[in-house]
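Everything below concerns the one structure shown next.
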Amino acid sequence: MSYLIRVVLPDRPGALGAVATALGHAGADILSVDIVERTPGHATDDLVVELPVDKLADSLVTAASSVPGVRVESIRPYAGTIDPFRELELLEKLAVNRDDAATILADGVCRLFRSGWALILQAPETDGQPATVLARSTAAPEIESLPTPWWPASPPRPLDAEASWAPGDWANLGTELAVVPLGSDAILVGRPALRWLASEIIRMSHLASIAATVLNP
């Protein structure tokens with residue numbers, strides 16, 4: 001079974017290697033590593049690992065935490081696809097598939113940021129009106145509109161899934177929300193039990209600003 005582990009480790013040579021060795025001793029195979037944020041003295045990494053079915057997920061936490069200075073921030077099952085899909089590939093796909101560009105963007109954002117779903121929201125015509133869902137990723141909520149008392153989407157930021165405007169099951173599933181502007185519209189992204197770091201939101205906002213010029217040349 002695959003798991004996505006977010007670890008905070010000392011930003012020093014050998015720290016990630018020590019974590020990898022500890023996970024290997026626990027029987028895990030590392031499938032991918034992404035550095036999602038660096039702060040003075042620390043780095044935050046996302047690791048996707050494969051664990052034999054006879055091993056418990058807790059063994060991953062124990063192994064990673066055994067490395068001095070390392071903290072496991074979260075762990076969850078991961079069913080996504082591991083591939084080298086990155087921003088430039090997504091933008092190229094948008095440029096050559098304009099008819100389906102909004103849906104391609106929603107699916108691409110999910111892949112890039114290991115999210116459960118993404119919605120492309122059209123800006124409300126007047127304050128207080130719900131936003132219309134223009135496109136959705138695979139597995140996104142089957143809704144046609146959404147209350148958006150938090151509008152506008154700028155500045156890009158996390159949103160509270162426990163707020164009254166959000167469907168109740170989002171909070172029950174531990175959904176972490178983030179929104180970024182897409183021109184005058186927005187991308188709303190949800191993922192389970194993995195908080196949004198400022199660096200991720202900045203990266204997604206930069207992607208959205210470029211994608212907006214492709215969607216609305």
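So which of PRO156, PRO77, PRO147 is closer than 20 Å to THR213 by Cβ and not polar (S, T, N, Q)? Steps first, answer last, please.
On the way: PRO77 fails: closer than 20 Å to THR213 by Cβ; PRO147 fails: closer than 20 Å to THR213 by Cβ.
PRO156 is the lone residue from the list that is closer than 20 Å to THR213 by Cβ and not polar (S, T, N, Q).
Can you tell me which residue in the stretch 122-158 is farthest from LEU90 (Cα to Cα), limited to those that are under 19 Å from the mean Cα position of the chain (by Cα) and charged (D, E, K, R)? Reasoning before the result, please.
Kept after step one, since they are under 19 Å from the mean Cα position of the chain (by Cα), are these residues of the stretch 122-158: 135-141, 153-158.
Narrowing further to those that are charged (D, E, K, R): 136, 157.
On the way: ARG136: 16, ARG157: 22 Å.
That would be ARG157.
Of the residues that make up the stretch 27-37, is at least one part of a strand (DSSP E or B) and either out of contact with any strand residue (DSSP E or B) (no Cβ under 6 Å at 6 or more places or on another chain) or among the aromatic types (Phe, Trp, Tyr) (or both)?
Kept after step one, since they are part of a strand (DSSP E or B), are these residues of the stretch 27-37: 29-37.
Of the ones still in play, those that are also either out of contact with any strand residue (DSSP E or B) (no Cβ under 6 Å at 6 or more places or on another chain) or among the aromatic types (Phe, Trp, Tyr) (or both) are none.
Within the stretch 27-37, none of the residues are part of a strand (DSSP E or B) and either out of contact with any strand residue (DSSP E or B) (no Cβ under 6 Å at 6 or more places or on another chain) or among the aromatic types (Phe, Trp, Tyr) (or both).
Restricting the search to the stretch 118-135, which residues are part of a strand (DSSP E or B) and either charged (D, E, K, R) or without any contact (Cβ under 8 Å) to a residue 24 or more places away in the chain (or both)?
Just the residues of the stretch 118-135 that are part of a strand (DSSP E or B), to begin with: 118-122, 131-135.
THR132, VAL133, listed by residue number.
Find the residue count for the stretch 74-110, including only residues that are of a type outside the set (Asp, Glu) and closer than 27 Å to SER59 by Cα. Even if it seems obvious, please write down each step before you answer.
Within the stretch 74-110, the subset of a type outside the set (Asp, Glu) is 74-82, 84-86, 88, 90-91, 93-98, 101-106, 108-110.
Next cut, closer than 27 Å to SER59 by Cα only: 74-82.
Of the residues in the stretch 74-110, 9 are of a type outside the set (Asp, Glu) and closer than 27 Å to SER59 by Cα.
Being outside any strand (DSSP E or B) and either over 24 Å from ASP46 (Cβ atoms) or among the aromatic types (Phe, Trp, Tyr) (or both) is the filter here, so list the residues in the stretch 173-205 that pass it. Break it down stepwise before answering.
Step one: filter the stretch 173-205 for residues outside any strand (DSSP E or B), giving 173-174, 183-184, 193-205.
GLY183, SER184, TRP196, listed by residue number.
Residue check, SER115 against (1) open to solvent by 60 Å² or more (accessible area, probe 1.4 Å); (2) assigned to a loop (DSSP other than H, G, I, E, B), all met but one. Which one?
(1)
Search the stretch 78-95 for residues that are over 18 Å from PRO192 (Cβ atoms) and pair each with any residue that is among the β-branched types (Val, Ile, Thr) and modelled with pLDDT under 85 when their beta-carbon atoms are under 7 Å apart and the residues are at least 6 apart or on different chains.
Sorted first by the residue in the stretch 78-95, then by its partner, the pairs are LEU91/VAL214; LEU94/VAL214; ALA95/VAL214.
If I go through the stretch 1-47 residue by residue, how many of them are in contact with a Lys or Arg (Cβ under 8 Å, 6 or more places away or on another chain) and touching a residue at least 60 places away in the same chain (Cβ under 8 Å)?
Result for the stretch 1-47: 8.
In the stretch 155-184, which residues are crowded, with 22+ Cβ neighbours inside 10 Å and either in contact (Cβ under 8 Å) with a residue 60 or more places away in the chain or among the hydrophobic types (A, V, I, L, M, F, W, C) (or both)?
Answer for the stretch 155-184, where residues must be crowded, with 22+ Cβ neighbours inside 10 Å and either in contact (Cβ under 8 Å) with a residue 60 or more places away in the chain or among the hydrophobic types (A, V, I, L, M, F, W, C) (or both): ALA178, VAL179, VAL180, LEU182.
Return the residue satisfying two criteria in turn: it lies in the stretch 63-76 and is in contact with a strand residue (DSSP E or B) (Cβ under 9 Å, 6 or more places away or on another chain) and not in a loop (DSSP other than H, G, I, E, B), and of such residues it is most open to solvent (accessible area, probe 1.4 Å). Explain how you work it out, then say what you get.
Of the residues in the stretch 63-76, the ones in contact with a strand residue (DSSP E or B) (Cβ under 9 Å, 6 or more places away or on another chain) are 64-65, 67-76.
Next, only the ones that are not in a loop (DSSP other than H, G, I, E, B) stay: 64-65, 71-76.
Values: ALA64: 1, SER65: 57, ARG71: 126, VAL72: 31, GLU73: 49, SER74: 21, ILE75: 56, ARG76: 31 Å².
It comes out as ARG71.
If the requirement is being touching a Pro at 6+ places or on another chain (Cβ under 9 Å), under 19 Å from ALA178 (Cβ atoms), part of a loop (DSSP other than H, G, I, E, B) and not acidic (Asp, Glu), which of these qualifies: THR138, THR148?
On the way: THR138 fails: touching a Pro at 6+ places or on another chain (Cβ under 9 Å).
THR148 is the lone residue from the list that is touching a Pro at 6+ places or on another chain (Cβ under 9 Å), under 19 Å from ALA178 (Cβ atoms), part of a loop (DSSP other than H, G, I, E, B) and not acidic (Asp, Glu).
The values are calculated or read from the model by the stated rules, or taken from the named source; none is laboratory data. Quick caveat: nothing in here was measured; it's all calculated off a predicted structure. Glycine gets a Cβ as well: all are built from the backbone with ideal geometry, and neighbour counts include every protein chain shown. Please note that ligands, DNA and RNA were not included when accessible areas were found on the heavy atoms of the full protein model with its side chains. Shrake-Rupley method; radii C 1.70, N 1.55, O 1.52, S 1.80 Å.
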